[in-house]
1. Which whole-Hz ³J(HN,Hα) couplings does segment 232-243 yield from phi under the Karplus relation 6.51 cos²θ - 1.76 cosθ + 1.60, θ = phi - 60°, glycine and proline marked x?
2. In cubic angstrom, how much convex hull volume per residue do the alpha carbon atoms of segment 109-260 span?
3. Highest mean first, how do 142-150, 169-177 rank when packing is the count of other Cβ atoms within 10 Å averaged over residues?
4. How compact and how long is the chain, expressed as Rg and Dmax of its alpha-carbon atoms in Å?
5. Can you grab the distance from the C-alpha centre of segment 109-149 to the C-alpha centre of segment 1-67, Å, no decimals?
6. Given Lys197/Lys218; Lys218/Lys243; Lys154/Lys206; Lys197/Lys238; Lys154/Lys218, which pairs have Cα atoms separated by over 23 Å?
7. Looking only at segment 11-38, which residues have a backbone nitrogen under 13 Å from a spot 7 Å from the Cα of Arg71 in the C-beta direction?
8. Once the Cα atoms of helix 213-224 and of the chain are each reduced to a long axis, what angle between those two axes, in degrees from 0 to 90 to the nearest 10, is obtained?
Amino acid sequence: MARSIGCSFSRIQCTPDLLPSAVTGIYFFDQKKSDFVFRAGPVMSNIVLVDEITRATPRTQSSLLESMEERQVTVDGTTMPLPRPSLVIATQNPVELQGTFPLPEAQLDRFLLRLEIGYPSREEEDAMLLRFEKASPLDSLAEVATADEVLRLKGLAQEVYVEQSVRTYLLEITGRTRTHPSVQLGASPRASLALYKCAQAYALAKGRDYVLPDDIKKLAVPVLAHRLTLNTEAYFHKRSKEKVLEEILGSIGIPLEEQT
């Protein structure tokens, strides 16, 4: 992704002994300059991959909060903006639990989307074998856009129109997550804003300058599911967050165009 848009990339391998300073950067004393100099951490890149994020301690996980929300980093009282565009991608192994730490709700709420990759189909896996047969396609990956073009598209997405009934539909979905009997902690106002912005970007990618209710419905699960906390009874009955959201979506009527 970073190569495709000509941006800087860094990777953070999370381990239990990873310190917050290894993420944000530190000030160290340079004997040649006789002064303290800032050594930027990997978070000071356009695209940051946080691998196995649940293996980092909560203290280290919290070092990403400011960069993910305010797009800046504060070290020793000095605040520095991150390069634009700025994106944090994290991976989590859902199988292994030993040596891992749960992600707090505040951090989960800062991730725009959660996607589950799963296994590829046989056709997709066969195509993968052919692509990597002689060389890695990443070695010859060419730039198809620039950072400035990405920022321009981001600005265009913010201009996509969202009609009042569609906004009401969105708010009804997030509101129902706060009153559903299986949900202990529902979607936050940040979640509503995330779903709103995702719908605008999705509509733009589809070549439209307006958002459809189906855009909201399609994005509701990947945007909201990871932000919910189910109660003990729901976990006891092995109910998933995705299933709860599907129930909510099925109980809300989709706004239709008025007939004239």
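1. 5, 4, 5, 5, 5, 8, 6, 8, 8, 5, 5, 5
2. Working: hull volume 26.9 nm³, N = 152.
Hull volume normalised by residue count: 177 Å³.
3. Going by the mean number of other Cβ atoms within 10 Å, highest first, we get 169-177, 142-150.
4. Answer for the chain, Rg first and Dmax second: 21.1, 77 Å.
5. Between the Cα centres of segment 109-149 and segment 1-67 lies a distance of 24 Å.
6. With Cα atoms farther than 23 Å apart: Lys197/Lys238.
7. It comes to no residues whatsoever.
8. Taking Cα atoms only, the helix is inclined about 50 degrees.
Here, each number is a calculation from the coordinates, and none is a lab measurement. Predicted model only: the values in this text are computed from it and were never measured. Note that we place each Cβ from the backbone using ideal geometry, even for glycine, and neighbour counts take in every protein chain shown.
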